[in-house]
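In what follows, a single structure is set out as structure tokens and then discussed.
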Amino acid sequence: MVWTLANKRLHSETALPSPPATPTVASHFRKSAASVGATYAAILKASRALGPVREDPKKTSIHLVRTTAFAGVATRKDTLILTLKAERPIRRSRVIRTEQASAHRWHLEIRLCAPTEVDAELKGWLAQAYALA
């Protein structure tokens, strides 16, 4: 950086970095296996069977929104982490993390590796989360 007395401003000799690109749904799958995209498609199909759903891509995840977010999807190389809103904790082996978000809301994290894991049990949890949004 250079300080010039002529105009009394601080100038940079290098260009400022451009702001990061706005995340897209597709950008979340660039480094993921095809099975991750297929699993996301199964989640989206099951969610849309419940009613209108809007995809809201964020920097680190994709929110699935009815009126408010009812689910979040974070992609990994070979899996995805589905976070669902819930009224109470659910104690099942496939729920890898349970967190109390507020007095009457819980967040459940479920690791999914294949579209076949979007089964009747998971669809039931999606429906409960959708109802809360």
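Read-outs throughout are calculated quantities, based only on the coordinates presented, and are distinct from any laboratory measurement. Just so you know, these numbers come straight off a predicted model, no measurement behind them. With ideal geometry, Cβ positions are generated from the backbone for all residues, glycine too; neighbour counts draw on all protein chains shown.
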- Label-point separation (nm) for GLU87 and LEU132, each offset 7 Å from Cα along Cα-to-Cβ? 1.0
- Query: Excluding HIS63 itself, what net charge comes from residues whose Cβ is under 12 Å from its Cβ, given Lys and Arg +1 and Asp and Glu -1?
  - Reply: +3
- Query: Across the range 114-125, in residue order, what do the Karplus-derived ³J(HN,Hα) couplings come to in whole Hz, using 6.51 cos²θ - 1.76 cosθ + 1.60 with θ = phi - 60° and x for Gly and Pro?
  - Reply: 8, x, 5, 6, 7, 9, 4, 4, 5, 4, x, 5
- Please give the FRET efficiency for ARG54 paired with LYS77, using the beta carbon to beta carbon distance and R0 = 30 Å, rounded to the nearest 0.05. 0.70
- Tally Lys and Arg at +1 and Asp and Glu at -1 over the other residues with C-beta under 14 Å from the C-beta of THR39: what net charge comes out? +3
- Note on the structure: Looking only at lysines whose Cα falls under 17 Å of LYS59's and that sit 8 or more positions away or on another chain, we get LYS31, LYS77
- Note on the structure: Per the rule of 0.36 nm per residue minus the C-alpha distance, extending THR22 to ALA101 adds in nm 25.7 nm
- Query: Does anything in the range 98-132 have its amide N under 12 Å from the 7 Å Cα→Cβ label point of LYS45, and if so which residues?
  - Reply: 115-119
- With Rh as the Kirkwood radius over Cα pairs, the range 28-118 has Rg/Rh of 0.95
- Which of the trypsin sites (Lys or Arg not before Pro) across the range 40-126 are loop residues per DSSP, with 16 or fewer other Cβ within 10 Å? LYS58, LYS59, ARG76, LYS77, ARG91, ARG92, ARG94
